Amino acid sequence: MEDQVAGNEDYGDKLPVGFRFLPTDVEFVTHYLINKVIYNPFSSFIFQEINATELYTKSPKNSVQFCNGEREWFFFIYMDMNIDNMHNKAIEKGGDELGFWQSIGDRKCVKDTNGNILATKITFLYFSGSPSHGKKTHWRIDEFRLPIQFYTLHNSKEKWAAGRLTRGRDYTSF
């Protein structure tokens with residue numbers, strides 16, 4: 001796995017002027033996450049690869065590069081063994097000394113046009129401080145996970161999720 005995790009490469013000079021990556025949740029799952037899991041080659045210049053433990057145990061600003069005022073980043077998240085325990089505890093214990101991630105709201109199903117469940121969407125918010133005195137921040141990640149049956153059906157040994165990390169707006173309404 002370690003040799004598969006890519007660095008933060010700058011692909012900005014290869015994108016067309018004005019390019020903005022805005023996939024819907026269904027497109028995000030069907031065109032990117034599913035292809036990643038079943039090893040279909042595609043251009044993934046937008047995505048960084050990162051271990052879930054690394055992503056969820058540090059401040060989000062340490063996971064991204066700021067170049068042109070971006071407010072959104074995309075990840076393929078390698079679901080290492082430690083993360084299942086962390087997700088079960090809402091990642092409250094998974095932060096660094098600066099803060100922690102916590103799931104907010106209910107898990108949502110991402111469905112295709114026929115109503116078939118493609119993935120589960122879980123939203124996490126980053127809080128500064130400790131779990132007992134945390135303050136909501138402007139960092140949020142929507143994580144998309146495929147059903148366990150998908151991995152079995154496609155004989156995939158590695159579990160991946162896809163994440164859309166955003167910063168900027170106050171999420172106090174959740």
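What is the calculated FRET efficiency for Thr152 to His31, with r their C-beta to C-beta distance and R₀ = 22 Å, to the nearest 0.05?
Details: r = 22 Å, r/R0 = 1.00.
The pair Thr152/His31 has a calculated efficiency of 0.50.
May I ask which of Lys61/Lys111; Lys58/Lys136; Lys111/Lys135; Lys108/Lys157 have a Cα-Cα span longer than 23 Å here?
Details: Lys61/Lys111 31 Å; Lys58/Lys136 15 Å; Lys111/Lys135 33 Å; Lys108/Lys157 25 Å.
Exceeds cut-off: Lys61/Lys111; Lys111/Lys135; Lys108/Lys157.
If the chain between Asn62 and Asn116 were fully stretched, how many nm would it gain, using 0.36 nm times the residue separation less the Cα-Cα distance? Write out the running numbers ahead of the final one.
Values: separation 54, 0.36 × 54 = 19.44 nm, distance 3.62 nm.
Contour length minus Cα-Cα distance gives 15.8 nm.
All of the numbers you see were taken from the coordinates with simple rules; none came from a lab. The shown structure was predicted, so the numbers you read here are calculated from the model rather than taken from an experiment. Cβ: placed from backbone, ideal geometry, glycine included. Neighbour counts: every protein chain shown.
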